[in-house]
Each structure stands twice: as C-alpha cells, then as structure tokens.
Amino acid sequence: MSKFTIETLKIEGLKIITPRVFGDSRGYFMETYNENDFKEAGINCVFVQDNQSSSVKNVLRGLHFQVENPQDKLVRVLSGEVFDVAVDIRQGSETYGKWHGLILSAENKKQFFVPKGFAHGFLVLSDYAEFVYKCSDFYYPDDEGGLLYNDPAIGIEWPLPKGVQPILSERDKLWQGF
C-alpha cells in the first residue's frame, strides 16, 4: 500500500503528493520520499542534492530554472506556509506559459513535484517559513535563468495583500518577462 496520495495535475508532469501521516499523543511520523512509490506514480528521477531556505513573510523567491542542467524538484515546507508556483517553459508543450500554484504548509504536509522544464518560485504567507527541496541535478550558478514574478504574459495570481510589494532579491528584480 502506497504511503502517499499522488494527484496528477492538468499541466503534464506536475504532481501534488500528500503523505500518509501517522499521529498519536507523542506527535507524528510520515515518509517524505519512497523511491518505489514515486516510480509507481511516474516520478522516475534520482535526487542528488537537498536544499533548505528560511524566509520571512512576503519574501518571493523565483521564478528560477537552470538552462543547460535542468532539475526535477520535490518541494515541501517544514514550518510556516507558502504559495508555491510552477510555470511550464517547455517549448512545444500544450501548456507552455501556463502556471499552477498551491499552498504548501507545515500543517498540510503536501509536497509538489516540479519536473524539468518548469520555472519555480514561492511566496511566503506566514510570518516565517522553512522550505526544503530535493533536486535531480546539482546547482550551477552560471546556468541559472529566471522569469519576472509579475509578468502579465504569465499572469500568476500571487496572494499578496492589496498594496503590499513582495520582498525580492536583487537578482529576482532583474529577470525578464516570458
């Protein structure tokens, strides 16, 4: 019996993974990755690097991708809550330029599988969040690409309060549009 519920989305390749959580008065236990279960669900990649970041409310990281060394990513939140987004940048794809966003939180324990060929980013909704992700290739700083988070050609509906600007890195302010 699988330890996960895996939902396939309308944009080919994207998947939402919800682990089975076993809890009692002591706390809980869950598997966050199982190669056999993931392969059965069509997620057939080898992860070679794990990353973790912490951010405060309204920080927006992304939309990032690697050009020559694309990465599959399995992302989740350890504490707090984020709005996580993937944008299809696969030329020739039926959903090229389309995006999918969802809430990932420590509470819902959902994970998001973002395959190669997608730009990825997230907005922190809680006062603080810790975000972790597994990658199928190593990070190469000279290979990084990105898209402007608010490009109207993509039309991401970021859940920012009216009048609030996201906190961006200097690099993320300079990305071009789609």
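Listed cross-link partners LYS39/LYS98; LYS3/LYS173; LYS98/LYS162; LYS57/LYS98; LYS116/LYS162; LYS109/LYS162 are compared with a 30 Å cut-off, the Cα-Cα value being larger for LYS3/LYS173; LYS116/LYS162.
The GluC sites (Glu not before Pro) of the range 68-136 meeting both criteria, a DSSP state outside H, G, I, E and B (loop) and at most 15 other C-beta atoms within 10 angstrom of the site's C-beta, are GLU68, GLU94, GLU107.
Among all stretches of the chain without exposed trypsin sites (Lys or Arg not before Pro) (DSSP loop, at most 11 other Cβ atoms within 10 Å), which one is longest? Segment 27-161 is the longest. When the solvent-accessible area of the range 73-143 is split by element, carbon and sulfur atoms take up 48 percent of it, the probe being 1.4 Å. With helices as the sole contributors, the chain gives -1500 deg cm²/dmol at 222 nm; each DSSP H run of n ≥ 4 counts as -39500 (n - 2.57), and the sum is divided by every residue.
Charges at C-beta only: +1 for Lys and Arg, -1 for Asp and Glu. How large is the resulting dipole of the chain about its Cα centre, in Debye rounded to 20? Write down the numbers at each step before the final one.
Values: 19 positive and 25 negative charges, 82 e Å.
About 400 debye.
Accessible area per residue for the range 56-178, computed on protein heavy atoms with a 1.4 Å probe, is 49 Å².
Taking amide H positions as modeled 1.01 Å from N, with prolines and chain starts lacking one, the residues under 5 Å from LYS57 and 5 or more places away or on another chain are TYR128.
The values are calculated or read from the model by the stated rules, or taken from the named source; none is laboratory data. Quick caveat, the model's predicted, so the values are computed rather than measured. So basically every Cβ, Gly included, is an ideal-geometry build from the backbone, and we count neighbours across all protein chains shown. The area values use the complete protein model at the heavy-atom level, side chains included, leaving out ligands, DNA and RNA. Shrake-Rupley method; radii C 1.70, N 1.55, O 1.52, S 1.80 Å.
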